[in-house]
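These notes concern the structure reproduced below.
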Amino acid sequence: MVDKGVKPRYARMDCGSYIKEVTDHFHKEDILFSIRASNSKTLLTLAVDTENWKSSTINFQDMEINSFKYQFGDYQHRIIAYRMPNKTGQRSIFTGDAKKYLFIISNDWEVVLLKIIAHQNMRFFKV
């Protein structure tokens, strides 16, 4: 598309695109993006260490939301994290709590957390 003179303003992708080469490419092309980030020990540890989680509700789902800086590839990104109680109640060895964590990596530092989460999840449900 870019070779035809068309350049997207914003890209939304699933975790299959959560690789450094993809995020670096979008930074170089100055294209905003949000990509579902795969859970990792690093992201879970950073999320647990992050303070000031805010309670929120999206599509009748109660959750806590937060964001933090994260170096991935050649650039620093924004990780949008959200968590909710897991269905089993079993505690995680990485987090020490009984919560399900989800992550989105983005280079958009302006948009509020709820909008990024809602935009990323649009393929699953209407928001």
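The values are calculated or read from the model by the stated rules, or taken from the named source; none is laboratory data. Remember, it's a predicted structure, so these values are computed and weren't measured experimentally. Cβ placement follows ideal geometry from the backbone for every residue including glycine, while neighbour counts extend to all protein chains displayed.
A compact table of results
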item: Sole residue being within 16 Å of the chain's Cα centre (by Cα), surrounded by fewer than 16 Cβ atoms within 10 Å (Cβ to Cβ) and aliphatic (A, V, I, L, M), chosen from I65, I31, I19; result: I19
item: Which numbered condition V6 misses (of (1) under 15 Å from I105 (Cβ atoms); (2) of a type in the set (V, I, T); (3) without any contact (Cβ under 8 Å) to a residue 24 or more places away in the chain); result: (1)
item: Strands (runs of 3 or more DSSP E) within region 35-116 that include 3 or more residues at pLDDT below 90 and among the basic types (K, R); result: none
